[in-house]
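Reading through the structure tokens given below for one structure.
The values are calculated or read from the model by the stated rules, or taken from the named source; none is laboratory data. All values reported here derive from a predicted model rather than from experimental measurement. Neighbour counts are summed over all protein chains in view; Cβ atoms, including those assigned to glycine, are modelled from backbone coordinates with ideal geometry. Surface accessibility is based on the protein's heavy atoms, side chains included, excluding ligands, DNA and RNA. Shrake-Rupley method; radii C 1.70, N 1.55, O 1.52, S 1.80 Å.
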Amino acid sequence: MEHIKCLIIGSGPAGYTAAIYAARANMAPVMYMGLQPGGQLTITNDVENFPGYPDGIMGPEMMEDLKKQATRFGTDIRYGIATAVDFSVHPRKITIDETIELTADSVIIATGASAKWLGIPSEAKLNGSGVSACAVCDGFFYRGQEVAIVGAGDTAAEEATYLANLCSKVTMIVRKSEMKASKIMQQRVLDNPKIEVLFDTVTDEILGEHAVEGVRVKNVLTHETREIALTGFFVAIGHEPNSKIFQPYLHHDEQGYLKTIPGTSKTNIDGVFACGDVQDYTYRQAVTAAGTGCMAALDAERYLAAMGIH
């Protein structure tokens, strides 16, 4: 059974940053990239809000840069998915691809979160070409244009308000006759003259061959359909943290986000650290993920030193 000093589970900005710091600290990190190597940024076209890229950069290209940087310092980057863990034993035990068993002195979890989607074919086809799950990431590209957002919770209400500051009109598509968002967020949406809320409405189809050109919506009470011309379609029905295999051992909230000790990346299990979107319900940005990746590597380094593991 292979033994690893510092195991990083998951890639993306958090995992790669953790790998860079861990490798530079001679922690001999091994990274398993997970189901979506590079994380959510691999399905993002233009990234313009990450510091250091004045002209912006394509999401996949940025992840490749981070991968090269982690490799340069000696990170052992491997394909594979963590399918089971046993954090009740020390060293910690991890199973990769249901067959490979490893032990690790320290574990950094950077498995991220996955956006929930509507599940219609046009949504997948136009993802990155007008369809997005992050208004803060991509809203800038739709300045002065008409867009739609689907969702009814606080996140959807916040993102609709954010988009209204940039776009000429925001159509908010809400399945039920009322929103789930808090009263104050609902009021902000309803009071905004640039936001039109369509209650009792679902998305029938996103229109456009190569880019979003509009959306066809259906009223669930009257079954009436209509088409709305727009250039951007935002999905804000929530994210799901990729934390299921860790939940029997690690403290988490009701949505599955891993809990860390405030101001650190430490979980309730010694030597196990969490960073990036798997523990961040609030911000979910590449730059904040990278920051917590740095924290996780530094916390892991101090843990190993305190344990006398060199």
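For the range 104-248, DSSP calls about 45 percent of its internal beta bridges antiparallel.
Here is the list for the range 178-280: GluC sites (Glu not before Pro) lying in DSSP coil, each with at most 14 other C-beta atoms within 10 angstrom of its C-beta, are Glu178, Glu209, Glu224, Glu254.
Descending by average beta-carbon neighbour count within 10 Å, the peptides 243-249, 103-109, 132-138 line up as 103-109, 132-138, 243-249, the highest first.
Net charge dipole, the range 154-310: roughly 240 debye, given to the nearest 20, about the Cα centre with Cβ charges of +1 for Lys and Arg and -1 for Asp and Glu. Mean projected area of the Cα convex hull of the chain, taken over all directions, amounts to 16.9 nm².
Remark: the range 95-104, residue by residue, has Karplus-estimated 3J(HN,Hα) of 10, 10, 6, 6, 10, 8, 9, 10, 10, 8 Hz, where x stands for each Gly or Pro and the curve is 6.51 cos²θ - 1.76 cosθ + 1.60 at θ = phi - 60°. Plugging the Kirkwood radius over Cα pairs into Stokes-Einstein for the range 213-263, at a temperature of 10 °C and a viscosity of 1.306 mPa s, what D comes out in µm²/s? Answer from the Stokes-Einstein relation: 107 µm²/s.
Computing the accessible area with a 1.4 Å probe over protein heavy atoms, can you report the carbon and sulfur percentage for the range 186-254? It is 47 percent, rounded to a whole number. Of the cross-linked pairs Lys93/Lys266; Lys93/Lys244; Lys116/Lys244; Lys183/Lys266, which ones have a Cα-Cα span greater than 24 Å in the structure shown? The pairs that break the limit, which is 24 Å between Cα atoms, are Lys183/Lys266. Each helix, a run of at least 4 DSSP H residues, gives -39500 (n - 2.57); summed and divided by the residues of the chain, these come to -7500 deg cm²/dmol at 222 nm. In whole Å, what is the distance between the alpha-carbon centres of the range 239-296 and the range 121-184? Distance between centres, Cα-based: 26 Å. The mean accessible area for residues of the chain, using a 1.4 Å probe and ignoring ligands and nucleic acids, is 48 Å² per residue. Largest first, the extents of the alpha carbon coordinates of the range 130-278 on the three principal axes equal 55, 32, 31 Å. Beta bridges per DSSP, both residues in the chain: antiparallel share near 45 percent.
Cross-link partners for Lys67 among the lysines, with Cα-Cα distance under 23 Å and sequence neighbours closer than 8 places in the same chain left out: Lys5. Helix 154-164 and the longest principal axis of the C-alpha atoms of the chain enclose an angle of approximately 60°.
Between amide H atoms placed 1.01 Å from N, distances below 5 Å from Val197 occur with Met172, all of them 5 or more places distant or on a separate chain. Restriction of the chymotrypsin sites (Phe, Trp or Tyr not before Pro) in the range 265-310 to DSSP coil positions whose beta-carbon has at most 13 other beta-carbons within 10 angstrom yields Tyr283.
Dipole size of the chain about its Cα centre, with +1 on Lys/Arg Cβ and -1 on Asp/Glu Cβ: approximately 480 debye, rounded to the nearest 20.
This model, with +1 at the C-beta of Lys and Arg and -1 at the C-beta of Asp and Glu, gives the range 67-226 a dipole about its Cα centre of some 280 debye. Here's the list of lysines a cross-link from Lys169 could span, going by alpha-carbon distance under 19 Å and ignoring same-chain residues fewer than 8 apart: Lys194.
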